[in-house]
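Here is the structure we will look at, set down as structure tokens.
The values are calculated or read from the model by the stated rules, or taken from the named source; none is laboratory data. Note that this is a predicted model, so its numbers are computed, not measured. We place every Cβ from the backbone using ideal geometry, glycine too, and count neighbours over all the protein chains shown.
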There are 2 protein chains.
Amino acid sequence: MATIKDIAKKLGISVSSVSKGLSGASDVSEDTRQLILNTALEMGYVSRRSKTDTNARKVCIFVENMGYERIEQFGYEIIVGFRLAATEKQWDVDIVPIAMDRHFDYDYEEYMTKNNYSAGFLLGFSLHNDFLKQLARTSIPTVLLDNVVYNRYVACVGIDNQQGIVCSVEHLAKLGHTAIAMMNGEMHSRVSQERLQGFKLGMSKCNLPIRKELIAHGDYTASCAAPHIQGFIDNGATAIVCASDLIAHGVLAELYRLGIRVPESVSVIGFDDIPLARYTTPPLTTIKQNRLTIGKSVCMAMEQIMEGNAISRLLLMPELVVRESTGPVKLR
Amino acid sequence: MATIKDIAKKLGISVSSVSKGLSGASDVSEDTRQLILNTALEMGYVSRRSKTDTNARKVCIFVENMGYERIEQFGYEIIVGFRLAATEKQWDVDIVPIAMDRHFDYDYEEYMTKNNYSAGFLLGFSLHNDFLKQLARTSIPTVLLDNVVYNRYVACVGIDNQQGIVCSVEHLAKLGHTAIAMMNGEMHSRVSQERLQGFKLGMSKCNLPIRKELIAHGDYTASCAAPHIQGFIDNGATAIVCASDLIAHGVLAELYRLGIRVPESVSVIGFDDIPLARYTTPPLTTIKQNRLTIGKSVCMAMEQIMEGNAISRLLLMPELVVRESTGPVKLR
């Protein structure tokens, strides 16, 4: 096992050159970089971080507008996953709830520095514009859930939205559905755009037509779906892909109101697998976000940024959970 | 520090229930899962892997159609980055080159199992259909460069293509360019589609018009660009975004042949930062893929899959490298 110093000594060059070579910086000549890298491999280089035990770190989770104290709440398993992974790394974790009714009125960088936080995880932030501007120029390693900010110190962790909806469509196509509708969230949110792309990709993978009259945008609430359902039915939809479980709740309620049976007449599939998904009537088929894995992955991404590896996005594999709200298409 | 056994003993439940609770499996009741998770946090649970030193593993890198022995070759730093990260984890790494002229005619799973490989990294594979089919159903933790296969044991690592091209467009817009052309790779490749999306996103972020006559598809070779350049110029393009440095080489050559000066009359930007990018005339402004970071990230993604965390994609931050092939727009 060798350190940067050992390599520098052996090659007779400066520690900073070795450090640059090992990080892939382009201001070291290629010949030198190759020499450094080959020597690092030969000597069994390990970064200082993993050699010593003095890497105790203090990190901070900011939680806004999201419950996290009981398992029924969306934030609970994300935070537990994070804390479990942090325990292995011997990090201290503070949790700072941000009240729903007031903004984050600190200077982020100043707040983190003053409190000796090495890194932050922002969970459930709606991310107001001035906060986004702060994050765009911060040099504090920071991880966001679902939100994307392009800065080499900021990573986004979340589910692979596109592939999640592809799974939904493929599941319905296997059940014989061809007239599949999509009830999406806000048109301008990145998550909605990725889910819509997934819908189009899934439909074309299954050789099914994409019909404009079978796509609607609402928001991520249960109430947004109702105005669109009759139109979907009139246009022959036999299945509805929903961009969230909350939307699916609204779709199920409206179908019930219209006297349309699920899944006998229309299949419905959600997204998220929120704890209530198994308690709908009928129990909701959905795409699961494994929140423990999200929490663990946030911790891993955070460590990578701290080590200088600029991660942009880490997307997790969605998982189809089949319950009773989807079934074979009814031949009419 | 506690193990799964300690938690099971304390709670009086089976080891497999604890294990399921810790992985977020949905066949454990919520109450039980919350109890398990809270207990794990209280007792300071760490996974067995990180507690013992008996985690020596043997992993395999397959390299097809890509040089990796010298730093000028695209694969070199990726493999070094991987091996450096693997050294820290005390993994053994074998490298298996696959000849360009023959297919991978093994059964992947059988090959890996027979040779005691815990995981595989496939670098530079063109991924023939039957190999893709094998990967779609493998349960060997596997990481691919750029290619995407949806399977919870397979992850894709690569640069954030979309954001890379957004950076290119923003750089040109800041220099005053408004008529920006894009010379893309194959229309049907995922990488090209993501780069095209990035072009459209970047143009609309900069409030610039997307003009069909300024978008062309070729392949990722230097020779594909020539037929399109005169058309770009006739349509008023003052800058050309290229989907790769090889394409940019071809664009520079064609502009030279046409007697058009770079960057005085037309700016050109590449993608990849291949080692030759600094040796073009003029030296090429481009988007860097940090190959050491890619290699390290592959290793990290592999470890996550082995630990049961289903990663779908890990995207790395692109980095703008400004050399001399881009400059302020020439007012005509």
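Just the residues that are surrounded by 14 or more Cβ atoms within 10 Å (Cβ to Cβ) and part of a loop (DSSP other than H, G, I, E, B), please, taken from segment B:13-38.
B:ILE13, B:GLY24, B:ALA25, B:SER26, B:VAL28
Kindly evaluate A:THR113 against the criterion of being of a type in the set (S, T, N, Q), modelled with pLDDT under 90 and either under 19 Å from A:GLN134 (Cβ atoms) or in the same structural domain as A:MET302 (by TED's automatic domain parsing) (or both).
No, not satisfied.
Go through segment B:255-282 and give me each residue that's of a type outside the set (Phe, Trp, Tyr) and within 12 Å of chain A (Cβ to nearest Cβ).
B:ASP273, B:ILE274, B:PRO275, B:LEU276, B:ALA277, B:ARG278
So which residues in segment A:254-276 are closer than 30 Å to A:ALA86 by Cβ, surrounded by 24 or more Cβ atoms within 10 Å (Cβ to Cβ) and among the hydrophobic types (A, V, I, L, M, F, W, C), if there are any at all?
Residue satisfying the conditions is A:PHE271 alone.
Just the residues that are more than 9 Å from every other protein chain (Cβ to nearest Cβ), surrounded by 23 or more Cβ atoms within 10 Å (Cβ to Cβ) and small (Gly, Ala, Ser), please, taken from segment B:144-186.
Those that are more than 9 Å from every other protein chain (Cβ to nearest Cβ), surrounded by 23 or more Cβ atoms within 10 Å (Cβ to Cβ) and small (Gly, Ala, Ser): B:GLY164, B:SER168, B:ALA181, B:GLY185.
Working only within segment B:207-224, note down all residues that are assigned to a helix (DSSP H, G or I), surrounded by 14 or more Cβ atoms within 10 Å (Cβ to Cβ) and of a type outside the set (Gly, Ala, Ser).
B:LEU214, B:CYS224
Name every residue in segment B:295-325 that is of a type outside the set (A, V, I, L, M, F, W, C), under 30 Å from B:ILE260 (Cβ atoms) and surrounded by fewer than 24 Cβ atoms within 10 Å (Cβ to Cβ), in order of residue number.
B:GLU319, B:ARG323, B:GLU324
Regarding A:PHE82, is this residue part of a strand (DSSP E or B), within 27 Å of the chain's Cα centre (by Cα), crowded, with 19+ Cβ neighbours inside 10 Å and at pLDDT 85 or above?
It is false that A:PHE82 is part of a strand (DSSP E or B), within 27 Å of the chain's Cα centre (by Cα), crowded, with 19+ Cβ neighbours inside 10 Å and at pLDDT 85 or above.
Give segment B:257-277 a look and list any residue that's in contact (Cβ under 8 Å) with a residue 60 or more places away in the chain and farther than 18 Å from B:GLU319 by Cβ, or say none.
Residues satisfying the conditions are B:VAL262, B:PRO263, B:GLU264, B:SER265, B:SER267.
If you check B:ILE240 against the conditions, is it in the same structural domain as B:TYR279 (by TED's automatic domain parsing), surrounded by 22 or more Cβ atoms within 10 Å (Cβ to Cβ), in contact (Cβ under 8 Å) with a residue 12 or more places away in the chain and not in a helix (DSSP H, G or I)?
So B:ILE240 passes the test.
Out of all the residues in segment B:131-141, is one or more more than 14 Å from every other protein chain (Cβ to nearest Cβ) and modelled with pLDDT under 85?
Checked segment B:131-141: at least one residue is more than 14 Å from every other protein chain (Cβ to nearest Cβ) and modelled with pLDDT under 85.
Within segment A:154-161, is even one residue over 17 Å from the mean Cα position of the chain (by Cα) and modelled with pLDDT of 95 or more?
Among the residues of segment A:154-161, not one is over 17 Å from the mean Cα position of the chain (by Cα) and modelled with pLDDT of 95 or more, which makes the answer no.
Looking at (1) outside any loop (DSSP other than H, G, I, E, B); (2) at pLDDT 95 or above; (3) surrounded by fewer than 24 Cβ atoms within 10 Å (Cβ to Cβ), find the lone condition where A:PHE232 falls short.
If we test A:PHE232 against (1) outside any loop (DSSP other than H, G, I, E, B); (2) at pLDDT 95 or above; (3) surrounded by fewer than 24 Cβ atoms within 10 Å (Cβ to Cβ), just (3) comes out false.
Looking at (1) within 14 Å of another protein chain (Cβ to nearest Cβ); (2) within 30 Å of A:TYR279 (Cα to Cα); (3) at pLDDT 90 or above, which is the only condition A:LEU122 fails?
Condition (1) is where A:LEU122 drops out.
Conditions: (1) modelled with pLDDT of 85 or more; (2) within 9 Å of chain A (Cβ to nearest Cβ); (3) assigned to a loop (DSSP other than H, G, I, E, B). B:ARG70 meets all but one. Number of the miss?
Only one criterion is unmet by B:ARG70, namely (1).
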